[in-house]
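Worksheet for the structure shown next.
Read-outs: derived from the displayed coordinates by stated rules, not from any lab. Small disclaimer: the values here were computed from a predicted structure and weren't measured. Here the Cβ is made from the backbone with ideal geometry for all residues, glycine too, and neighbour counts use every protein chain on show.
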2 protein chains.
Amino acid sequence: MRILATETKNEIEKTVTCEGWINSRRDHGKLIFFDLRDRSGLLQIVSKDSNLDIRPEDVVRVRGKVVKRPDNLVNPNLETGSIELQAENVEILSKAAELPFDIGGKDLDLQLPTLLDFRALTLRHPKVKSIFKVQEAIMEGFRRAAQALEATEVFVPTISYSSTEGGAEIFKIDYYGHKAFMIQSPQLYKQMMIPIFERVYLISHAYRAEPSVTTRHLSESIQLDLELGFLEFEELLDSLERIGSETLKYASQKCSDILKEFNVDPPKVGGKIPRLKMREAQEIIYKTTGRDNRKEPDLTPEDEKDISAWALKEHGSDFVTITHYPTKKRAFYSHPDPKNPEFSLSYDLIFKGVEILSGSKRIHDYDKLVEVIVERGMNPKDFSMYLQAFKYGMPPHGGFSFGLERLTMKILDLVNVREASLFPRDMNRIDILLSSQPDAKKKTSK
Amino acid sequence: MRILATETKNEIEKTVTCEGWINSRRDHGKLIFFDLRDRSGLLQIVSKDSNLDIRPEDVVRVRGKVVKRPDNLVNPNLETGSIELQAENVEILSKAAELPFDIGGKDLDLQLPTLLDFRALTLRHPKVKSIFKVQEAIMEGFRRAAQALEATEVFVPTISYSSTEGGAEIFKIDYYGHKAFMIQSPQLYKQMMIPIFERVYLISHAYRAEPSVTTRHLSESIQLDLELGFLEFEELLDSLERIGSETLKYASQKCSDILKEFNVDPPKVGGKIPRLKMREAQEIIYKTTGRDNRKEPDLTPEDEKDISAWALKEHGSDFVTITHYPTKKRAFYSHPDPKNPEFSLSYDLIFKGVEILSGSKRIHDYDKLVEVIVERGMNPKDFSMYLQAFKYGMPPHGGFSFGLERLTMKILDLVNVREASLFPRDMNRIDILLSSQPDAKKKTSK
């Protein structure tokens, strides 16, 4: 009966069986020391069999006795650091090929292309793996926060017959001889859920045929979405801030050890998250830095950093909410501010200098929505099912969304969003580099 | 301040505000009665304003006093059946167009094409909507059961550079001028996760270009997956049965009212779920029905019904596990039974006459896997990232998966799987019928 590596510390002087991977091997004369890695952590094993044929990443089953280490050999940085397993029998379950690089060290110091070329291998490194434990915790935190708002979880399709928001960055799919598209976001579907559930959340894929390679964009990403009916602008802002801060708080508490390993602080939430209109933010940036972007239609990346610095200094908050972006700069369904339609009832939640959540109050009037679609040069016929939801009674509503990978990247202060995706897709890569695919351009399905 | 329809029963003799949709309207002389529908349920409202211009699906805000109904007018079938709201003010938040059919009745008796043509409207009907509350509960039940097995939730991509399992039923996507594919299942990715997390679960989309229209198939569906490392065949069967029965038990307990409304019984689990090899099942079917399928390579739909009837009669169980399907009939990664390689260490969990979960112990030996890929006429180069995971130490493992829509269909005894998908995709339909799309074949993205 197998027990986990970290469970051995409760079995001192007993004979146990562990299974896992050889993480590293050190030969000391006639003794072989190796670390066994399983999903719980590491365990030092010592074997007297100097002929033992094992190497890193072999999968083994080890039977042996758990003993205390002498005081001077205790490793305080390891959960099992006060014990070791004296191997009586080592059985090889799966033999590993020779590794292209060492993955037994504390850090995995590889260039990004190598990290991705050997993704099925490099993900095994505990520090790389831990990124995805944080990602799991973000998802769980989001679900809990959404459920606390009484939202229903829904599942919507990713194949669509029209683009979500226009634009050229859209993947085409051959759908039984018809042309169809991969959704750029589940936005339209979640709005259609308002008359059914009033409050919904969903986890979807979002596809963007970004024509360039940047550190922040993926061609396929996981998007978390929330949409709420019968809420007005101020209540939507409350929900935005609640979901954003509670999701991050949950993940950083659950993964506090990992945050420490990545040398990042848990999110600071002061009293209330400060709220500024975009123009007010630009005014503050002008006053505090002298940079005059007061006529610009959006915040620049530098602006987002500076307004975050201001929020931290003045309000002790890693978060700041910016509202009222120009209507023309936002998606067609964003509701213009009735007091000044040039600006919209839109909002971004900025966390440590980067926008992490984005959304708006939506247009809920059918006629107005048709008008805006036409104004933007699109065809209402392409939105017939979406418009159907508005035709038969749609209440005021709004929502927001965020990208799972980008949030994971931000909370751990990673350099490239690809590090926060198990198998990142961009214009050059689907697992392997596209140019290196066998007959990539000519290939047909078998 | 809005309160929900069902919350009014705690506010008798108080003045409250409710918001929702007009579910139905009945005029009685100078009085107008209407039912307000919100996410909590229905509430009867009475108005003395005989000029009130409201019709079904209008969205309204009603202010009024909650009063007890006379005893003889109490409706015991409605949570708010002992009260009504005397409207003082009715404000219209959104006007609905005239409905193409009545959706205010207890059942929504429409043909499937109409149900789907007006999907954004028909989903509002409480009985249609409740299908998706069951679906949400299935998902929650699955997550709880998977987390109880200490599995990590992972997020894998849907765009791939090769097909998952060969076959022609695969959607092609134009990926920056390269040809790529939508995954038929997340199978290969979840196996690649074994050396990282040992136990994983995931919720993914699965794309199958089914060339025919059946009641059981969707072109895009939601797939739930689990994969477990270091478990042997019998332990995998334990997990299969545990996940299957616990998921269904959770959903049917949480949604017991809905099951009653659909006239279906909650799943019966006897003591232990009976386990049969496929050949044993065929033998029992021969003995009990006289139908001789003992040489057939698979169970027919009729066989699955008959063996379920046997399991219910002999073991008091709605579930029965069938193992050892012919190796050739299963996916390439299925592990042959070492005792008789003609049959595989595969399994299906049958529930009330239909297979709901399917899986196998997997081949974990690198050389053997390459050999099988070649034998099946596929190219190992198309599986390079997948094979990488096996090259560097892969333990024994196995898993299973199920389709969310099909399970929802089965638990509610629906006739067509399309009823269990918010927006079903098949060869004829993406929201609207493909033939009725504007310039469907010529359309390009804008």
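Please state the charge dipole magnitude for the stretch A:5-94, taken about the Cα centre, from unit charges on C-beta atoms (+1 on K and R, -1 on D and E), reported in debye and rounded to the nearest 20. List each step's numbers first, then the result.
On the way: 14 positive and 16 negative charges, 34 e Å.
Dipole of the stretch A:5-94, to the nearest 20 debye: 160 debye.
Please give me, ordered by residue number, the trypsin sites (Lys or Arg not before Pro) of the stretch A:70-119 that lie in loop per DSSP and have at most 15 other Cβ atoms within 10 Å. If you can, show how the numbers build up before the last one.
On the way: sites: A:Lys95, A:Lys106, A:Arg119; in loops: A:Lys95, A:Lys106.
Listed in order of number, the matching sites are A:Lys106.
Counting GluC sites (Glu not before Pro) as exposed when in a DSSP loop with at most 10 other beta carbons within 10 Å, what is the longest stretch of chain B free of them?
In short, B:99-446.
Below 8 Å, C-alpha to C-alpha, sequence gap of six or more: please give me the relative contact order for chain A in percent.
Details: 848 pairs, mean separation 57.0, N = 446.
Once divided by the residue count of chain A, the mean separation gives 13 percent.
Going out from 0 in 10 Å bins, what whole percent of all Cα-Cα distances in chain A drops into each bin?
So the P(r) values, bin by bin, are 4, 17, 24, 22, 16, 10, 5, 1, 0.
List the chymotrypsin sites (Phe, Trp or Tyr not before Pro) within the stretch B:49-136 that fall in a DSSP loop (any state other than H, G, I, E or B) and whose Cβ has at most 14 other Cβ atoms within 10 Å. Please list the in-between numbers first.
On the way: sites: B:Phe101, B:Phe118, B:Phe132; in loops: B:Phe101, B:Phe118.
Listed in order of number, the matching sites are B:Phe101.
Apply the Karplus curve 6.51 cos²θ - 1.76 cosθ + 1.60, θ = phi - 60°, to the phi angles in the stretch B:177-188 and return the couplings in whole Hz, x for Gly and Pro.
For the stretch B:177-188, the Karplus curve yields x, 8, 8, 9, 9, 8, 4, 7, 6, x, 3, 5 Hz.
Cross-link candidates for B:Lys30: which lysines have Cα within less than 28 Å, leaving aside residues fewer than 8 places away along the same chain?
The qualifying lysines are B:Lys9, B:Lys14, B:Lys48, B:Lys65, B:Lys68, B:Lys95, B:Lys106.
What's the percent breakdown of Cα-Cα distances in the stretch A:154-276 across 10 Å bins, shortest bin first?
Bin by bin from 0 Å, the calculated values are 11, 28, 32, 23, 5, 1.
Could you work out the helix-only [θ] at 222 nm for chain A, with each DSSP H run of four or more residues adding -39,500 (n - 2.57) and the total divided by the number of residues, to the nearest 500 deg cm²/dmol? Can you show the working numbers first?
Details: 12 runs with 124 residues, N = 446.
Value at 222 nm, helices only, nearest 500: -8500 deg cm²/dmol.
Does the stretch B:295-420 come out rounded, prolate or oblate by the C-alpha gyration tensor, with a ≥ b ≥ c the root eigenvalues, rounded set by a/c under 1.5 and, if not, prolate when a/b is larger than b/c and oblate if not? Please list the in-between numbers first.
On the way: a/c = 2.44, a/b = 1.81, b/c = 1.35.
Note, shape of the stretch B:295-420 comes out prolate.
Just going by the charge dipole of chain A, with Lys and Arg at +1 and Asp and Glu at -1 on Cβ, which of A:Gly399, A:Cys18, A:Leu240 is farthest out on the positive end?
A:Cys18
Straight-line reach from B:Lys328: which aspartates and glutamates fall under 15 Å, measuring Cα to Cα and dropping same-chain residues less than 8 apart?
Hits, sequence-local ones excluded: B:Glu165, B:Glu296, B:Asp298, B:Asp337, B:Glu342, B:Glu371, B:Glu375.
Please list, ordered by chain and number, the residues whose modelled amide H lies under 5 Å from the amide H of B:Asp49; skip anything fewer than 5 residues away on the same chain.
Result for B:Asp49 returns B:Ile32.
What do the square roots of 5 times the Cα gyration tensor eigenvalues come to for the stretch A:237-346, in whole Å, largest first, as semi-axes of the equivalent ellipsoid?
Values: eigenvalues 159, 65, 27 Å².
Working through the eigenvalues yields semi-axes of 28, 18, 12 Å.
Top mean-square fluctuation among B:Thr15, B:Thr214, B:Thr321, Gaussian network model of chain B, C-alpha springs under 10 Å?
Among B:Thr15, B:Thr214, B:Thr321, the largest GNM mean-square fluctuation belongs to B:Thr15.
Can you give me the pair-distance distribution of the protein assembly as shown, C-alpha pairs, 10 Å bins, whole percents?
Bins of 10 Å from zero give 2, 11, 20, 23, 21, 14, 7, 2, 0, 0, 0 percent of pairs.
Explain nothing, just the number: dipole magnitude of the protein assembly as shown about its Cα centre with +1 on each Lys and Arg Cβ and -1 on each Asp and Glu Cβ, in debye rounded to the nearest 20. Don't jump to the answer; show the numbers that get you there.
Numbers: 130 positive and 136 negative charges, 113 e Å.
Dipole magnitude for the protein assembly as shown comes out near 540 debye.
Please work out the C-alpha center-to-center distance from the stretch B:372-432 to the stretch B:1-72 and express it in whole Å.
47
What residue among B:Phe262, B:Ser219, B:Asn340 has its Cα farthest toward the positive end of the dipole of chain B, where the charges are +1 on Lys, Arg and -1 on Asp, Glu, each on the Cβ?
With unit charges placed on the Cβ atoms, the residue in question is B:Ser219.
If the elastic network links every pair of Cα atoms under 10 Å, which of B:Leu404, B:Leu112, B:Leu52 fluctuates the most in the Gaussian network model of chain B?
Largest GNM mean-square fluctuation: B:Leu52.
Need one number: convex hull volume per residue for the stretch A:5-94, Cα atoms only, in Å³. Can you show the working numbers first?
Numbers: hull volume 7.9 nm³, N = 90.
Once divided by residue count, the hull of the stretch A:5-94 is 87 Å³.
Just to be sure I understand: with springs between alpha-carbon atoms less than 10 Å apart, which residue in B:Gly20, B:Gly29, B:Gly244 has the highest mean-square fluctuation in the Gaussian network model of chain B?
B:Gly29
For the peptides A:204-210, B:389-395, what is the packing order when you average, over each peptide's residues, the other Cβ atoms within 10 Å and list the highest mean first?
Values: A:204-210: 21.0, B:389-395: 24.6.
In descending order of packing, they fall as B:389-395, A:204-210.
Apply the membrane-span-like helix rule to chain B: whole DSSP H runs, Cα extent along the own long axis of at least 20 Å, mean Kyte-Doolittle hydropathy at least -1.0. List the helices found. Display every interim value, and only then the final one.
Numbers: long enough: B:126-148 (33 Å, -0.23); B:233-254 (31 Å, -0.63); B:301-315 (21 Å, -1.33).
Correct list, ordered by number: B:126-148, B:233-254.
Residue-wise, which Karplus ³J(HN,Hα) couplings in Hz belong to the stretch B:73-85, taking 6.51 cos²θ - 1.76 cosθ + 1.60, θ = phi - 60°, and x for glycine or proline?
Coupling constants for the stretch B:73-85: 10, 5, 9, x, 8, 10, 4, 9, x, 9, 9, 8, 10 Hz.
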